[in-house]
Amino acid sequence: MVKTAQDIILKPVITEASMEDLRAGKYTFKVALTANKIEIKDAVEEIFGVKVASVHTMRVRGRFRRMGRNEGTTPAWKKAIVTLAEGSKTIAFFDGMI
């Protein structure tokens with residue numbers, strides 16, 4: 001099965017910690033669980049037209065939640081922190097958030 005760039009990069013992660021990393025040229029995305037670092041790098045370069053220096057990935061464990069007597073867990077997901085290369089342009093989507 002061929003994965004497109006939109007299948008790999010699911011959505012940006014907008015948190016206080018990820019907004020602090022924007023100043024250092026680090027962008028955080030929720031990515032497909034099966035995606036590897038090379039696929040993530042290629043997808044970000046294709047979608048946003050930037051040059052990627054490095055990619056760090058981590059699996060985020062689902063959290064235990066209760067609603068009344070019902071209990072369960074939220075789904076596990078994968079997070080990628082993408083560092084842009086020196087001299088690369090910024091990602092326009094994040095420009096107004098700094």
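The values are calculated or read from the model by the stated rules, or taken from the named source; none is laboratory data. Nothing here was measured: the structure is a model prediction, and the numbers come from that model. Cβ sites come from the backbone with ideal geometry, for glycine too, and all protein chains shown count toward neighbours.
Data for the structure
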{"quantity": "Unique match (being outside any strand (DSSP E or B), under 17 Å from Asp21 (Cβ atoms) and in contact with a strand residue (DSSP E or B) (Cβ under 8 Å, 6 or more places away or on another chain)) among Val55, Val50", "calculated": "Val50"}
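A quick yes/no check of all residues on (1) touching an Asp or Glu at 6+ places or on another chain (Cβ under 7 Å); (2) outside any helix (DSSP H, G or I); (3) free of Cβ contacts under 8 Å to residues at least 40 places away in the same chain:
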| site | (1), (2), (3) |
| --- | --- |
| Asp7 | no, no, yes |
| Met19 | no, no, no |
| Arg23 | no, no, no |
| Phe29 | no, yes, no |
| Ile38 | no, no, yes |
| Glu71 | no, yes, yes |
| Ala80 | no, yes, no |
| Gly96 | no, no, yes |
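Quick grid of which residues meet (1) in contact with a Ser or Thr (Cβ under 9 Å, 6 or more places away or on another chain); (2) among the charged types (D, E, K, R); (3) at pLDDT below 95; (4) surrounded by 11 or more Cβ atoms within 10 Å (Cβ to Cβ):
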{"position": "Ala24", "(1), (2), (3), (4)": "yes, no, yes, no"}
{"position": "Ser54", "(1), (2), (3), (4)": "yes, no, no, yes"}
{"position": "Arg65", "(1), (2), (3), (4)": "yes, yes, no, no"}
{"position": "Thr73", "(1), (2), (3), (4)": "no, no, no, no"}
{"position": "Trp77", "(1), (2), (3), (4)": "no, no, no, yes"}
{"position": "Gly87", "(1), (2), (3), (4)": "no, no, yes, no"}
